[in-house]
Amino acid sequence: MTIWLGTPSVDGLGGVARVLGEWQVEAGAVQLHPGDLGWFRRFGGERTAAATRVWERDGETVAIGLLDEPDLLRLAFAPAVFEDEELAAQVAADIVDPSRGVLIEGKVYVEAPVGARVKDLLSKEGWGIDDPWTPLKRELTEPVEDSGLAIEVIAAETAHIRTAVQRAAFDGSTFIEERWHAMAEGEPYANARCLVGRDGQGEPVAAVTVWSAGPGKPGVLEPMGVHRDFRGNGYGQAITLAAAAMLRELGSSSALVLTPSFNVGAVATYRSAGFEPLPETHDQVRSG
Ligand SMILES: CC(C)(COP(=O)(O)OP(=O)(O)OC[C@H]1O[C@@H](n2cnc3c(N)ncnc32)[C@H](O)[C@@H]1OP(=O)(O)O)[C@@H](O)C(=O)NCCC(=O)NCCS
């Protein structure tokens, strides 16, 4: 059977996000989420489409990749084909084939879900493992406790507040208002919300974006941050609780987040908001 690799059109991105949403299963592996595509959309539809790869077999989408960086491909697979040898071999070959235009040459990284056959193939081919990441998860069966912060759901008119907190939380952030609008125009944002938390003085101190993949599916936080002038006051915990509560309202069965394990402050913050760490994961790396 022929496995076909392509890049979607901008109009096709909504369909790709929908398929990624269907592949999020509560008992399944953590993998590329429609929210990751949605967050990338801040760079615009053209750039997002150019960074997206879709593998099809028999007219059915079986794997999706997002070049989150030119040297980092993040992969998701249809749950039924995680261990499919033929597909794994094709994906492993395609991603390093210069004529297929997926990963650049030299040192490159792949994030594939735990249990995907392609991981075994890459390690057999000599790929190493990179620094650990910690996924954390909170079930949303029970109501989430109150965050204690005044929480505002961001709309087009208040986007500048969301983006200002982002830039005050993440060094080097380029999240300007224009990028918020580009993100909000993307289909995944229909199932997303940006929240800003204000302290007692009304100052915007923390922000988060949450992405639902539909009812009964895990939703994700991407990204979450506290203004650097206001850290150490419990606002990280509070905005994370608000994020979990919003995902519950959107119908998510659980809230998921992924952070580099070295970000001990983030791991501590998520834990303090009732998230439990799952086993660490590693990107795979091919040295140049
Ligand atoms: C991580 C971050 C959100 C923490 O925000 P904060 O408002 O200072 O966190 P809180 O005051 O709510 O602290 C929550 C818990 O984490 C702990 N914590 C926070 N920062 C910590 C650090 N750097 N090292 C160790 N523990 C830390 C607190 O002690 C607290 O634990 P406790 O509940 O056991 O007392 C903030 O530092 C930040 O925005 N960093 C940059 C962006 C980022 O990394 N975002 C997360 C990844 S997407």
Between the residues Gly128, Trp180, Leu250, the Cα farthest towards the positive end of the dipole of the chain, that dipole coming from +1 and -1 charges on the beta-carbon of Lys, Arg, Asp and Glu, is from Trp180
Suppose the Debye formula is applied to equal point scatterers at every Cα of segment 108-163; what is log10 I(q)/I(0) at q = 0.23, 0.29 Å⁻¹? -0.98, -1.22
Under the Karplus curve 6.51 cos²θ - 1.76 cosθ + 1.60, θ = phi - 60°, whole-Hz ³J(HN,Hα) for segment 107-121, x wherever Gly or Pro sits: 6, 9, 10, 10, 9, 10, x, 4, x, 7, 4, 4, 4, 5, 5
Pairs of Lys in the chain closer than 25 Å at Cα, counting only those 8 or more apart or on different chains: 5
I'd like to know which of Gly59, Val102, Ala112 lies farthest towards the positive end of the charge dipole of segment 3-132, counting +1 on Cβ of Lys and Arg and -1 on Cβ of Asp and Glu. Val102
Give the span of the chain's Cα atoms along each principal axis, as three whole-Å numbers ordered largest to smallest. 61, 36, 36
Averaged per residue, what accessible area in Å² does the chain show with a 1.4 Å probe, protein chains only? 44 Å²
Compute log10 of I(q)/I(0) for segment 1-102 with the Debye formula, placing one identical point scatterer on every Cα and leaving out solvent, at q = 0.09, 0.10, 0.20 Å⁻¹, to two decimals. -0.20, -0.24, -1.04
Give the span of segment 138-281's Cα atoms along each principal axis, as three whole-Å numbers ordered largest to smallest. 35, 34, 31
The size of the Cβ-based charge dipole (Lys, Arg +1; Asp, Glu -1) of segment 3-132 about the Cα centre, to the nearest 20 debye, is 320 debye
What dipole magnitude, in Debye to the nearest 20, does the chain give about its Cα centre under +1 on Lys/Arg Cβ and -1 on Asp/Glu Cβ? 440 debye
Mind giving me the FRET efficiency for Val264 and Glu86? R0 is 30 Å, r the Cβ-Cβ distance, nearest 0.05 is fine. 0.15
Taking the Cα centre of the chain as the origin and placing charges on Cβ (Lys, Arg +1; Asp, Glu -1), which of Pro279, Val210, Val10 is farthest toward the positive end of the dipole? Val210
Calculated FRET efficiency, Arg47 and Glu105, Cβ-Cβ r, R0 22 Å, to nearest 0.05? 0.55
Taking the 0 to 90 degree range and rounding to the nearest ten, how far is the long axis of helix 159-169 tilted relative to the main principal axis of the chain, both from C-alpha atoms? 80 degrees
Nearest-ten-degree value, helix 235-249 long axis tilted from longest Cα axis of the chain: 70 degrees
Using a 1.4 Å probe over the heavy atoms of the protein chains, calculate the carbon and sulfur portion of the accessible area of the chain as a whole percent. 50 percent
How big is the dipole moment of segment 173-288 about its Cα centre under a simple scheme where the beta carbon of each Lys and Arg is +1, that of each Asp and Glu is -1, and everything else is neutral? Debye, nearest 20, please. 240 debye
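The values are calculated or read from the model by the stated rules, or taken from the named source; none is laboratory data. The model shown is predicted, which means the values in this text are computed figures rather than measured ones. Cβ sites come from the backbone with ideal geometry, for glycine too, and all protein chains shown count toward neighbours. Please note that ligands, DNA and RNA were not included when accessible areas were found on the heavy atoms of the full protein model with its side chains. Shrake-Rupley method; radii C 1.70, N 1.55, O 1.52, S 1.80 Å.
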